[in-house]
Structure formats: structure tokens, C-alpha cells
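One structure below.
Every number in this text was worked out from the coordinates using simple rules, so none of it is lab data. Small disclaimer: the values here were computed from a predicted structure and weren't measured. Heads up, the Cβs are rebuilt from the backbone with ideal geometry, glycines too, and the neighbour counts pull from every protein chain shown.
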Protein chains: 2
Amino acid sequence: MASRVAQRILVYGGDGALGRAVIHRFRVAKWQTYCVDYRPNAFAHYNFTIEDRIAGQDWNPNSGAINDFLESQPKLDCVVNVAGGWTPGSISDAEIFQQCESMWKQNMTSSIAASSLAANYLRESGLLILTGAEAALGPTPDMIAYGLVKSAVHHMTKSLASPNGGLPKDSAVASLLPVMIDTPSNRKAAGESGPVDYSTWTPTADIANQIFSWTEKDRQPVNGGFYVFKTKNHKTTIHLHD
Amino acid sequence: MASRVAQRILVYGGDGALGRAVIHRFRVAKWQTYCVDYRPNAFAHYNFTIEDRIAGQDWNPNSGAINDFLESQPKLDCVVNVAGGWTPGSISDAEIFQQCESMWKQNMTSSIAASSLAANYLRESGLLILTGAEAALGPTPDMIAYGLVKSAVHHMTKSLASPNGGLPKDSAVASLLPVMIDTPSNRKAAGESGPVDYSTWTPTADIANQIFSWTEKDRQPVNGGFYVFKTKNHKTTIHLHD
């Protein structure tokens, strides 16, 4: 078999729990792995560190170093955004403004940054993966800030998938819609309210494996698709939301 | 006829073109009118001026003066947000980050502020009106920042309308979904690209009249409803989006 140029993936939030699983899955498959996060991922080939987790402008893709680097490299095969965060809260909370700003910065600015880089540095027939939320398919009065921002991510997914959406020719964009991902920070948050059944939480490796699968020949996801990840008895099923 | 306590309306963006029409319509009907904007509206009974049009935190409802005032008054009958702005732009634009921040601050922070005040100061069976966008019901690749933020406003509308949404008992929230409002700034923006047919633009008075109508007895809009305003031959029709 002839040797092949290594494929390249850029992961926003590449040193979060899910990001590390994604970098790991692609690295063992011999991809070149680029991580953007507020800490370096020691397993990634290249790291771009941002200064502050919630300082939105720091995710700005026009801020220099990432663009300069990507200009010097072959086009990317895949861009993934798995940066983000969650907060509860209703409209009557005194902290609603802070909750919204925080959710915007954590979930939306990372989505904008990843999408902007995909528009400029993804190859033709490439793949962009964003992270939405299953909960935001319906009303979210008890986590209003989280839901409205994830809803904006869903809108962006549909817009980028539409004609003249701005991604390179024959590329696809899809959103992951997790219900609950099994991460240390989610376990910590949930543990505060008593015993939890983790058998319904989605392992990060299941999501990383699905993203990897979508990059294989003829396995591209539906352009603009929302893929809901549900887990029961430790088994994850993935379905395309209508 | 016995004298009646005056009804009260608070209008975010009350000195914009649409806001002035709303304040005018309610004032002539003898309501007490409260305006929040970056300039005072001389026709309103009370004005709360914010410092900078796009400095999002200045819309913060917890910033003091407005809350202090509302605490001292009878509950509000109606809260309206008609502050906002528009910008074109696709995901590949170098200015995408600035466009998104600007749309967030203009359209979303005003929606959050108005909704938060409604949660705390609206009377039972009161009315909250937000401003969405007909365009954001579908993909908006050519005005991605605008569309994704308006989509978040739609999500907020649905969430506040849901059980435990956070508004006072028996209140209703609905969103205006204009196609194109006939305002001086919209005329100016459109005029730059040649002659325009204004007969399909919606007069501000038509929207103001509809909002007023919704405050009349037994005329409350559908809770969580999206009302699309379309104008043809200078005649405006309003329909409830499914």
C-alpha cells in the first residue's frame, strides 16, 4: 500500500474530558492532532493555549498564532468543537445576565471560532463537528442560559449546512447532541445531589469513536444533521434527529 | 364610569423608531410609559438611559435605577423589547466574531433584561413581548450572526412560555417576527443599494397597534406564540407561526 499524507484534525476544547478522548482516538489512528484549549494537551502534536477559559475574545480565530500556523500547513480534514459548559438557572434568577454571558462565551464563541477556521482552513469534503444539546431541542426554563445558547449553535449548524453556507465544497457540518456525558466535572456536579446512575451517561470514548467513524471514506454524516447520543445500561445509541 | 388606575408599560429600545411608535400608541391610550434606551424618549413618562448602545452589561436589569424605581411602583401590565440591530455577514468573514458580539449585545442582552424585569415586576396575567425574526425560522447563512442570536430569542420565548417558565401566573410571552420594518435606519441601509419598494415594509404603527390590541381584555396572544408580520401593498397581515 502506498504511503499517505497524514490527516489533520483541529479540536477546540482539546484538553477537556471529551476533547482528550477525541485527540486520543485520532492520534492512535496516526492523524496529526491540533489542540486549542486553555491548557495544553500533552498528547496532541500542536497546542494553542488561550489565556482564560471564559474570556470569549480569546477564542477569536483571527488572533494570530492559530491562523499563521494553519496558513503554513496542508488543509485540515476535520475541525471539532467540544469546548463548552453548563449552568442551571431560570429567568427570575438575579444572576441571569452572568449565566447568559458565561454560556455565550463558553459554548458559542468556541463554536464561532471553530466554524470560522473550518470555513477558511478545512479541505473540500472535510468535516466540521459542533456540540449542541438534546435538551435545547425543546424549552429549557430551568437552564435558560444554556438552552438559548445551544439553540444558537443548532441554528449555526443549519445555516452552515445550507447552500452558500460558507464551508468548503462538499464539506459537511453536523452537531453532537449529548444528553449527559460521563466526565469528571459532570460527576462532581451531580454527586453533590446524591447517588447517581452512571449507566445512562455517555462515555467520552463513544462520542470520539463516532466522530472518527464520520471521517472514514463514505461515512460522512448528514450535512446539517443533529446526532443525539443516548446511553442505557452503558450502551450508547446514536440517532439522527428529524 | 369609575376611574381606573393607569396601566403601565416598560419598553426596552423605547427611543428607537419602533419603540417610539409603541410608546406613542400606549401614551395616547393613557397608559403610564417607561422607556429604557440610550437616549430619553421625550414622550415617555419616565426614562432610564443606558450609557452605550452596544455595551451589553448596561442593559443589565440588576444595575440599580430601574429596579429601585419598579420596586416603588405598582406592577407592570406589559413589558416590550424592541431594541435590536441587524448585520449581514457569513462565517468566512474576518469580522464574524465582532458581528456575533454586536448582535448578541444588541438583540439578546436587551431580551434578557426585559424578560428578567418581566419575571420580577410584571403583574399576573401580564404580557411580555420580545422581538424575533422571520428569517431566523430557517437557515441564515448570509446573516449568520443575526440569525443565530434571533434563534436564541425564539428559544427564550418558548422556554418562558413553558410550565415553570418563570413569568408571573397566567402571563403570556409572545415574539414579534418582522420581515422588514419601515424605519429611517432600514431605509438608509437599503437605499444604498438602489431604489426600494417600501410598500412591502411594515409600518411601525401596525406593530404598535397589534401590541396594544394584545393588552386589551381577552385579546392576550398565544403564550409562546411567534407572530409573523408581513406587508404587501402597504397592508400588513399578521399570522401565528406553527
Seminar exercise, completed: With the 8 Å Cα cutoff and a minimum separation of six or more residues, chain B has a relative contact order in percent of 18 percent
Seminar exercise, completed: To the nearest 20 debye, the range A:8-240 has a Cα-centred charge dipole, built from +1 on Lys and Arg Cβ and -1 on Asp and Glu Cβ, of 720 debye
Problem set entry | Förster radius 51 Å - calculated FRET efficiency between residue B:164 and residue B:39, Cβ distance, rounded to 0.05 | 0.85
Exercise. What nm value, rounded to one decimal, do you get for the distance between residue B:71 and residue A:71 when each label is placed 7 Å out toward the C-beta?
Worked result: 5.4 nm
Problem set entry | Dipole-positive endmost among A:5, A:205, A:119 within chain A (Cβ charges, Cα centre) | A:5
Seminar exercise, completed: The answer for residue B:122, listing residues at least 5 apart or on another chain whose modeled amide H is closer than 5 Å to its amide H, is B:76
Problem set entry | Cross-link table A:150/A:217; A:150/A:188; A:105/A:158; A:188/B:169; A:75/A:158, entries beyond 27 Å C-alpha to C-alpha | A:150/A:217; A:188/B:169
Seminar exercise, completed: If B:137, A:127 are placed from fewest to most neighbouring beta carbons inside 10 Å, the sequence is B:137, A:127
Seminar exercise, completed: Cβ density ranking, 10 Å radius, fewest first, applied to B:134, B:51 yields B:51, B:134
Exercise. Using unit Cβ charges (K, R positive; D, E negative) and no other charged atoms, how large, in debye to the nearest 20, is the dipole of the range A:115-193 about its Cα centre?
Worked result: 160 debye
For this session: Could you pull out every one of the aspartates and glutamates with an alpha carbon less than 17 Å from that of residue A:30, ignoring same-chain neighbours closer than 8 positions?
Result: A:77, A:216
For this session: Would you please give the residues with an amide H less than 5 Å from that of residue B:128, counting only those at least 5 places away or on a separate chain, with H modeled from the backbone geometry?
Result: B:79, B:172, B:173, B:174
Exercise. Shape call for the range B:8-240 from the C-alpha gyration tensor, a ≥ b ≥ c root eigenvalues: rounded (a/c under 1.5), prolate (a/b greater than b/c) or oblate?
Worked result: rounded
Exercise. One-quarter of the Cα convex hull surface for the range A:149-190, in nm²?
Worked result: 4.1 nm²
Problem set entry | 5 angstrom amide H check on residue A:202, placed H, neighbours 5+ away | A:180, A:181, A:182
Seminar exercise, completed: Using alpha-carbon coordinates alone, the radius of gyration and Dmax of the range A:145-223 in Å work out to 16.2, 49
Exercise. Given charges of +1 on the Cβ of Lys and Arg and -1 on the Cβ of Asp and Glu, with all other atoms neutral, how large is the dipole of the protein assembly as shown about its Cα centre, in debye to the nearest 20?
Worked result: 720 debye
For this session: Using only the alpha carbons of the protein assembly as shown, determine the length spanned along each of the three principal axes and report them from longest to shortest in whole angstroms.
Result: 92, 61, 38
For this session: Step through the residues of the range B:192-209 one at a time and calculate ³J(HN,Hα) from phi using the Karplus curve (6.51 cos²θ - 1.76 cosθ + 1.60, θ = phi - 60°), rounding each to whole Hz and writing x for Gly and Pro.
Result: 5, 10, x, x, 10, 8, 6, 5, 9, 8, 8, x, 4, 5, 5, 5, 4, 5
Exercise. Taking K and R as +1 and D and E as -1, what net charge do the other residues with C-beta under 13 Å from the C-beta of residue B:208 add up to?
Worked result: +1
Problem set entry | Gyration tensor verdict on the range B:96-167 (Cα atoms; rounded if a/c is under 1.5, prolate if a/b is larger than b/c, oblate otherwise) | prolate
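Taking neighbour Cβ counts within 10 Å as the exposure measure, how do A:229, A:43 sort from fewest upward?
A:43, A:229
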For this session: Taking the Cβ of residue A:239 as the centre, find all other residues whose Cβ is under 14 Å away and add up their charges (Lys, Arg: +1; Asp, Glu: -1).
Result: 0
